[in-house]
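The structure appears right after this line, and notes come after that.
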Amino acid sequence: MRPVDYDDRLHRTYAAGRALTDAQRTAWSRAFAARLPAARPLRGLDLGSGTGRFTPLLAAEFGGPVTGVEPSARMREQAVASAAHPQVAYVTGRAETLPLPDASVDFALGFLVWHHVRDKPAGARELHRVVRPGGTLLLRTELTDSLPDLWYLDAFPRGRDVLAALYEPLSVLRDTFETAGWELKGVGEVGLPAPGTWAGALARLRTRACSIFEHMPEADIEAGFAELERRVAAAPQAPAPVTPGTVVTFRRT
């Protein structure tokens, strides 16, 4: 799949289209805390921090400085402007070339970013370099072994094929990280509260802030939204569908 350029279009819609409710922030905060050591403070890395959806939350929850590493200049600009925190720094970089010293963080989070990494073995090695021995890596990702039943995807021609092409099976992910010196600690799902109504979910989806749309022909996108409008019209105020999020946890050996 071709690389996605967040400086082109997505930086303008990402914050609105991917906004988290307070209840969702709480659910993710608890999920991260359950997978990290109880000791505080914890120094963190937010890999692919984007507009700073999670970076301030990580600093507030775990008490230590957090570095948000993001290759898109325009996404970083938004993070600096709207997601500032005294314990957070946003810097340019990518998984393969992290601008951090060796063993300088206690944990790293990659939230729906691993499929964007072009050289995954190099990225796994760099993460191993910057996370301290015994530290934790949290990957929020999808796995082709168990692709999610996204509420909207079957409305788009070849939508599931696009999703499958973006991700990889657990066996491949595990091999990449174990080769780089990581140990798989667990794979689990995080239950999330509904983000509002079905009509609201469709309005957010219409921003096309999900990068999956960058891999679809425009005709497929138009056909999909027309079908979704028809479905949502039947019950616009019904609670929005919720899909659990998969988190893969690794320990740095």
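Tabulated data
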item: Selection from segment 106-115 of residues that are within 16 Å of the chain's Cα centre (by Cα) and over 16 Å from Thr144 (Cβ atoms); result: Phe107, Ala108, Leu109, Gly110, Phe111, Val113
item: Residue count, segment 238-248 (criterion: farther than 30 Å from Thr136 by Cα, open to solvent by 10 Å² or more (accessible area, probe 1.4 Å) and part of a loop (DSSP other than H, G, I, E, B)); result: 2
item: Criterion: open to solvent by less than 50 Å² (accessible area, probe 1.4 Å), of a type in the set (Ser, Thr, Tyr) and touching a His at 6+ places or on another chain (Cβ under 7 Å) - qualifying residue of Ser49, Ser72, Ser29; result: Ser72
item: Test for Val117: is it within 24 Å of Glu214 (Cβ to Cβ), surrounded by fewer than 22 Cβ atoms within 10 Å (Cβ to Cβ), touching a strand residue (DSSP E or B) at 6+ places or on another chain (Cβ under 9 Å) and not small (Gly, Ala, Ser); result: yes
item: Any pair with Cβ under 9 angstrom, 6 or more apart, that starts in segment 179-206 at a residue that is closer than 26 Å to Ala33 by Cα and among the basic types (Lys, Arg) and ends at one that is at pLDDT 95 or above and not in a strand (DSSP E or B); result: Lys185/Arg35
item: Any hit, segment 11-22, residues being surrounded by 15 or more Cβ atoms within 10 Å (Cβ to Cβ), farther than 17 Å from Leu127 by Cα and either in contact with a strand residue (DSSP E or B) (Cβ under 7 Å, 6 or more places away or on another chain) or among the polar types (S, T, N, Q) (or both); result: yes
item: Positions within segment 189-212 being β-branched (Val, Ile, Thr) and over 13 Å from Pro241 (Cα atoms), in sequence order; result: Val190, Thr207, Ile212
item: Flag if Gly135 is among the small types (Gly, Ala, Ser) and on the phi < 0 side of the Ramachandran plot; result: yes
item: Output for segment 176-223, where each listed residue is among the hydroxyl-bearing types (Ser, Thr, Tyr) and touching a Leu at 6+ places or on another chain (Cβ under 8 Å); result: Ser211
item: Those residues of segment 134-161 which are part of a helix (DSSP H, G or I) and within 21 Å of Leu184 (Cα to Cα), in sequence order; result: Thr144, Asp145, Ser146
item: Scan of segment 29-47 for residues that are of a type outside the set (Asp, Glu), touching a residue at least 60 places away in the same chain (Cβ under 8 Å) and touching a Phe, Trp or Tyr at 6+ places or on another chain (Cβ under 7 Å), ordered by number; result: Leu36, Leu42, Gly44
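The values are calculated or read from the model by the stated rules, or taken from the named source; none is laboratory data. What you see is a predicted model; the values in this text were computed from it and never measured. Reconstructed Cβ throughout: ideal geometry from the backbone, glycine too, with neighbour counts over all protein chains shown. Side chains included, ligands, DNA and RNA excluded: accessible areas come from the protein's heavy atoms. Shrake-Rupley method; radii C 1.70, N 1.55, O 1.52, S 1.80 Å.
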